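See below for the structure under consideration.
The values are calculated or read from the model by the stated rules, or taken from the named source; none is laboratory data. What you see is a predicted model; the values in this text were computed from it and never measured. Cβ atoms come from the backbone with ideal geometry, glycine included; neighbour counts cover every protein chain shown. Surface areas here come from the heavy atoms of the whole protein model, side chains and all, with no ligands, DNA or RNA. Shrake-Rupley method; radii C 1.70, N 1.55, O 1.52, S 1.80 Å.
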Amino acid sequence: MTLTDNMRTAADELFTASFNHPFITELTTGNLPMDRFRFYLKQDAYYLKEFSRLHHLLALQLAEPADVKFLEAEANGLNNSEQDVRKEFFQQLQITADELTNTPNGS
C-alpha cells in the first residue's frame with residue numbers, strides 16, 4: 001500500500017463526514033445563509049493568499065531549479081486563477097477589498 005493509500009485510509013472517517021457537514025449540506029440544498037457564505041469567501045481568500053505566500057517562502061529555500069519553478073508556478077496559480085474565480089462572487093456579493101483586509105482570520 002502506498003503512503004497516499006495509507007493516508008486516505010486513515011482519513012476515511014473524516015473524509016466521509018465532510019460531505020455531511022452542515023455547511024456543505026446547507027450550501028448544496030441552497031439553505032446556507034448569505035452572511036455565512038460571505039464569511040466563507042473572505043476566509044477562503046485569506047487562506048489562498050497565505051498558502052500562496054507559503055509556496056513562495058518554500059521556493060526561496062530550495063536549490064533545485066525545477067522545484068523552485070514548480071512552487072512559484074503553484075503560488076502564481078493560487079494568486080491568479082484561484083482568486084479570479086472568486087472575483088465574480090466578490091462583485092456580486094459586494095465584498096470589498098477593505099472587507100477582505102479587515103476580516104478576522106482566526107489567528
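Just a few scattered comments:
- Criterion: of a type in the set (A, V, I, L, M, F, W, C), without any contact (Cβ under 8 Å) to a residue 60 or more places away in the chain, out of contact with any strand residue (DSSP E or B) (no Cβ under 7 Å at 6 or more places or on another chain) and within 17 Å of F39 (Cβ to Cβ) - qualifying residue of L57, L78, L100, L62: L100
- Taken over the stretch 29-38, the criterion of being loosely packed, with under 14 Cβ neighbours inside 10 Å and of a type outside the set (G, A, S) is satisfied by T29, N31, P33, M34, D35, R36.
- Residue-level check: of (1) loosely packed, with under 13 Cβ neighbours inside 10 Å; (2) assigned to a helix (DSSP H, G or I), K42 misses just (1).
- Filtered residues of the stretch 83-97 (kept if open to solvent by 100 Å² or more (accessible area, probe 1.4 Å) and either charged (D, E, K, R) or at positive phi (or both)): K87, E88, Q94
- Sole exception among (1) in a loop (DSSP other than H, G, I, E, B); (2) over 28 Å from T96 (Cβ atoms); (3) of a type outside the set (F, W, Y) for N31, by number: (2)
- Filter result (over 22 Å from I95 (Cα atoms) and open to solvent by less than 50 Å² (accessible area, probe 1.4 Å)) within the stretch 45-61: H55, A59
A quick yes/no check of all residues on (1) within 19 Å of the chain's Cα centre (by Cα); (2) among the hydroxyl-bearing types (S, T, Y):
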position: T9; (1), (2): no, yes
position: S18; (1), (2): yes, yes
position: G30; (1), (2): no, no
position: L62; (1), (2): no, no
position: P65; (1), (2): no, no
